[in-house]
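The values are calculated or read from the model by the stated rules, or taken from the named source; none is laboratory data. Computed from a prediction, not measured in an experiment: that's the story for all the values here. Here the Cβ is made from the backbone with ideal geometry for all residues, glycine too, and neighbour counts use every protein chain on show.
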Amino acid sequence: MFARLSGILAAAWMMTLFFIPCANGEKPDIFVSIVPQQYFVEKIAGEHVRVHVMVPPGSSPHTYEPKPGQMRTIAKAAAYFSIGVTFEDAWLDKIRSASPDMKMIHTDRGVKKREINEGHGHGHGHGHDHGPSDPHIWLSPPLVMLQARNILEGLVMIDPENRKEYQDNYQAFIREIAELDIFLQNRLTPGTRFMVYHPSWGYFADAYGLVQIPIELEGKAPKARQMQEVIRHAREKNIDSILVQPQFSTRDAETIAREIDGKTVIADPLAANWSYNLKAVAELFDAR
C-alpha cells in the first residue's frame, strides 16, 4: 500500500518558482469546472481563495455552456483549474481569451487517461481500436493525489504569501485521500461487476479491481438489440441493480431494471462531498 502511494507521489512535479502576487491583498477568485474540484481546492486553499464552479449541480459537464454572467466573472479571476471534462474542449480557449492575465492550471497534468469504453465488460462491439478518453479522473483517489499536487502548485503560483499553509493543507489532504483509499480497498471486492448507465466509474473500477458494465456507449443511448444484450448479460452475471446519476435520463436503465427484476440506484459522480460520496458508493456494493 505504502509503496503504491509513494509511487504516485514520486510522479508529481517539483514546485514551480514563478509567482504572481494577488492584487490589493484581496482573496483571489478561482474557477473550477465541476463541483468535486471545489472540494479539492478548498481542502488545500482553506479560506484564502473564493472558488467558483462553472458547471452547477444538476448540469452535465459533457454539454454545459457557460452563462454570460460566468464569463464576466471569469474576466476578473486569477486562475482557472481545468480537469479535462468535455465542455472544456469547446470553451477553454474562450475562457482564456476572456482574461489574458488569468492562469490556466491543468489539474489533469500527468494523469494517464483511459478510453471511456475501456473494459466495458460485454460484447457491444465498436469496430475501432481507439475511443475518446474518459474524463472522470476525480473518481480515483490515487489519481486525485496527482491532481492535488497540481492544485497546490497552482495556488502557490497565484498566492505565494500563503505557500506554507497551502503545503500543510496539501499534506493533510493527502493523508485524507490515503485513508479513503485504504477504506475502499478493504470494503470493495476485486472482480465485482457492476452495471451503470453512463460510464462514469471506470477509474474507480480500475483502482479497486472492479468491472464496470455501461449501458450507454460513446454518448449514445442503446438500440433495441443492445438493450437485449445488456439484459442477457445482467441475467447471466446475476446483476440486479444499475447505477444511475442525476445528470442523465434514467428511462433506459429503469427499463432494463424491470426486465431483470432489479432496481436503479443513484450514484452521483459530481457530488459535493467527494470523500463521503465515494464511501457511500462503496457501501452500495455491500447492499446489492
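Taking the range 72-93 as the range and being in a loop (DSSP other than H, G, I, E, B) and either out of contact with any helix residue (DSSP H, G or I) (no Cβ under 7 Å at 6 or more places or on another chain) or among the small types (Gly, Ala, Ser) (or both) as the test, the residues that pass are 75, 76, 77, 78, 84, 85, 86.
Return the total of residues in the range 69-105 being within 20 Å of residue 27 (Cα to Cα), among the β-branched types (Val, Ile, Thr) and touching a Phe, Trp or Tyr at 6+ places or on another chain (Cβ under 7 Å). Selection size over the range 69-105: 2. Please work out if residue 122 is closer than 30 Å to residue 234 by Cα and either at pLDDT below 90 or surrounded by fewer than 16 Cβ atoms within 10 Å (Cβ to Cβ) (or both). In short, yes.
Of the set (1) under 23 Å from residue 274 (Cβ atoms); (2) modelled with pLDDT under 90, all apply to residue 192 but (2). Candidates are the residues of the range 47-71 that are among the β-branched types (Val, Ile, Thr) and in a loop (DSSP other than H, G, I, E, B); the one that is nearest to the chain's Cα centre (by Cα) is 55. The sole residue among 102, 1 that is modelled with pLDDT of 90 or more, out of contact with any Asp or Glu (no Cβ under 6 Å at 6 or more places or on another chain) and farther than 30 Å from residue 245 by Cα is 102. Taking the criterion of being exposed (fewer than 15 other Cβ atoms within 10 Å of the Cβ), of a type outside the set (Phe, Trp, Tyr) and either within 22 Å of residue 63 (Cβ to Cβ) or under 22 Å from the mean Cα position of the chain (by Cα) (or both), the residues of the range 236-278 that qualify are 249, 251, 266, 272, 273.
Per-residue answers, yes or no, for (1) farther than 18 Å from residue 148 by Cβ; (2) among the charged types (D, E, K, R); (3) modelled with pLDDT of 80 or more:
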position: 5; (1), (2), (3): no, no, no
position: 21; (1), (2), (3): yes, no, no
position: 27; (1), (2), (3): yes, yes, yes
position: 35; (1), (2), (3): no, no, yes
position: 41; (1), (2), (3): no, no, yes
position: 46; (1), (2), (3): no, no, yes
position: 51; (1), (2), (3): no, no, yes
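Summed over the range 169-183, residues that are surrounded by fewer than 18 Cβ atoms within 10 Å (Cβ to Cβ) and among the hydrophobic types (A, V, I, L, M, F, W, C) total 3.
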